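Peer 1: One structure is given below, represented as structure tokens, and several questions about it will come after.
The values are calculated or read from the model by the stated rules, or taken from the named source; none is laboratory data. Quantities reported herein were computed from a predicted structural model and do not represent experimental measurements. Cβ: placed from backbone, ideal geometry, glycine included. Neighbour counts: every protein chain shown. Note: areas computed on protein heavy atoms with side chains; ligands, DNA, RNA excluded. Shrake-Rupley method; radii C 1.70, N 1.55, O 1.52, S 1.80 Å.
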Amino acid sequence: MLRAKSAFFRFAAFRSIGANGSRSLASVAQAQVANPPEELDEAVVGMILESLKERPQGEALDDVMQQWKGSVGHKAVNKVLEQVKDGSVALRFFNWASKQEVFSKHSFHSYRLLLQRLAGKGARGVLQEMHDGGYTLKKKEYASIVSGLLKENHSEEVIGIVQDMTSSKNFNHSVVNHLIRTCYDMKKPEVASKIFRMMVAQAGSQDAVSKAADDGTWTVWSLLKKESDYNMTIDLLCREGLLEQACNVLDKMLEGKYEATTFTYGRLVDGFLRLSKFSEALAVLDVMAERGCIPPAIVYNQLIDGLCKAGKVEEAFELSTTMVKNGCSPTLYTYNSLINGLCLQGKTDEARDFLQEMADSGYNPDVVTYTVLINSLRRDGNFKAAVDVFDEMVSKGGCVPDRASYMPLLIGLCKEGCVQLVQEFLEKHRARLDLGSFFHNLLISTFSKHGKLDDARKVFRELASPELVHFNSFMSALCQRKLISEAFQVYEQLQKKGLVPDTYTYTILIGGLCDVGRTDQALSLKDTMIQNNCKPDSVTYGILRAGLLKAGRRADAEQLKAQMPAAAGAGPSS
């Protein structure tokens, strides 16, 4: 009675002060130091729960945990865990309670409540602690934890939980199988595949399929409880490259009352294609026909694309004919694969004819179709034809070009020095192109190299925010044409924009000055360069020394040679 009365007065005091939290609970906790009760009682639990409504992050709860002197019972722990919303707060309280006086271990129900609050995050350690304490969760409870982790993209923690489970000699195979299904059903086949791979490795790839499901060890057969399990298992086996085992499961499936889905057949086709087993992949179509399952376009497309990439273009065209005979209409993907196959064999003329046939059949080529053909013509060195196809794509095809359609083409044109084609291409399509920093620099260099300074100047001036590399390229072009005054105007513009000249910048200008015999200015610019904490390199010294020698200033050249750091090298011989 005295203890109950004491609790009543403490709770009444808390009510009278108000529910603002930590001061009331702290004072109650401090009162226990002198005369601790046997257990955290109902009155104090009531205070904790009310404080959590106002302060869900658990500050008041922290006060109690820091100052409480006494024991805590399972009932109190469960009441608090039922109300705590924050998983980290729940875990702090859970760990604190286990360290109190006369507390043996948490109850199974307490662990369940904690796992619910954690919502998967941090569950691995808690599950291991439960296992060590002799507690075992049901399959659905494990699945709930895994679902929570997958929703938050904590895939690695799921793998860790399974690793902990399988490290036990007596782990429950059915729980692991249930988790594989859970991951797969949640559209996380890559996680399901990792767990599956772990189990196959543990059992041995042969034993995993050859052993019966009832010999006490894990096997693939133990997964097979319903129709969807067969489809899932075949998919997982195909992902692991275990095609023979996948076919065994398919045979078992078809012997019974189940039917494989078109997706499952497609996975088998994909698996065989990955291993370049084309006859086996084609045999899957025969199995589908025997079962009255009409292959959809996606399965035909897988095979046609695989055959084309392997150079079996004739077989791919034959299969496309069979596809039409069987009442399955080709798709844009079908045509793109066939065009790509022809291009890979260098048959670009046939590819262009087929492109027209494709359009005549009512299929409008897309940017992928045209890009395949453009790149093929470019690789063959037929740049004029490649540009013509690009023009056709924009004018007739109505396609919006992407960077993949013109980046390789422009690079090829520039490297091959097809300046006129570059000029014509830019004149027609500049507004459609996202050239970027790299392309602008490439164009400046290309035009400069081939004497098209006006075009280089135009590209440079259209830059809204030119970078140092653009300034350097344009100044180099100007210096090569001995337009030193304009080069220094660009140099001043560079500095006004807040850019810092580098060694290459100064070397370009020093070289330009030396070329026109202005060696005094070149030497002065070298001094400016050093004052600006930019070190001349061996190229800088070599160009400057060569300029001095050319101007007949041998003594100055020798003096410069003496000033050169050892790392810069000796430069040209006198």
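Peer 1: Being among the β-branched types (V, I, T) and within 23 Å of S395 (Cα to Cα) narrows it down to one of I339, I294, I304, I298, so name that one.
Peer 2: I339
Peer 1: Let me ask you something else. Please give the number of the condition A487 fails out of (1) at pLDDT below 90; (2) closer than 30 Å to L463 by Cβ; (3) of a type in the set (A, V, I, L, M).
Peer 2: Only one criterion is unmet by A487, namely (1).
Peer 1: Which of the residues that make up region 427-443 are at negative phi and either among the small types (G, A, S) or surrounded by fewer than 18 Cβ atoms within 10 Å (Cβ to Cβ) (or both)?
Peer 2: Within region 427-443, E427, K428, H429, R430, A431, R432, L433, D434, S437, F438 meet the criteria.
Peer 1: Looking at region 299-316, can you tell me whether even one residue there is closer than 26 Å to L338 by Cα, among the polar types (S, T, N, Q) and without any contact (Cβ under 8 Å) to a residue 24 or more places away in the chain?
Peer 2: no
Peer 1: Now, a different point. Could you pull out every one of the helices (runs of 4 or more DSSP H) wholly within region 258-326 that has 1 or more residues that are modelled with pLDDT of 95 or more and crowded, with 20+ Cβ neighbours inside 10 Å?
Peer 2: Because the criterion is at least 1 residues that are modelled with pLDDT of 95 or more and crowded, with 20+ Cβ neighbours inside 10 Å, the helices (runs of 4 or more DSSP H) in region 258-326 that meet it are 297-309, 313-325.
Peer 1: Residue under question is T369, and the condition is that it be of a type in the set (S, T, N, Q), closer than 23 Å to R403 by Cα, assigned to a helix (DSSP H, G or I) and in contact with a helix residue (DSSP H, G or I) (Cβ under 8 Å, 6 or more places away or on another chain); does it hold?
Peer 2: For T369, the condition - of a type in the set (S, T, N, Q), closer than 23 Å to R403 by Cα, assigned to a helix (DSSP H, G or I) and in contact with a helix residue (DSSP H, G or I) (Cβ under 8 Å, 6 or more places away or on another chain) - is met.
Peer 1: So which residues in region 525-571 are charged (D, E, K, R), farther than 12 Å from T503 by Cα, modelled with pLDDT of 90 or more and open to solvent by less than 80 Å² (accessible area, probe 1.4 Å)?
Peer 2: Scanning region 525-571 gives D527, R545, R553.
Peer 1: What is the number of the single condition among (1) surrounded by fewer than 17 Cβ atoms within 10 Å (Cβ to Cβ); (2) at negative phi; (3) modelled with pLDDT under 90 that I411 does not meet?
Peer 2: With respect to (1) surrounded by fewer than 17 Cβ atoms within 10 Å (Cβ to Cβ); (2) at negative phi; (3) modelled with pLDDT under 90, I411 is out only on (3).
Peer 1: Take the residues in region 333-366 that are open to solvent by 20 Å² or more (accessible area, probe 1.4 Å) and not in a helix (DSSP H, G or I), then tell me which one is nearest to A316 (Cα to Cα).
Peer 2: Across region 333-366, the extreme among qualifying residues is Q345.
Peer 1: Determine, yes or no, whether V191 is within 24 Å of G266 (Cα to Cα), assigned to a helix (DSSP H, G or I), among the β-branched types (V, I, T) and modelled with pLDDT of 85 or more.
Peer 2: yes
Peer 1: Hey, S465 hits all of (1) open to solvent by 80 Å² or more (accessible area, probe 1.4 Å); (2) outside any loop (DSSP other than H, G, I, E, B); (3) among the polar types (S, T, N, Q) but one; which does it fall short on?
Peer 2: The failed condition is (2).
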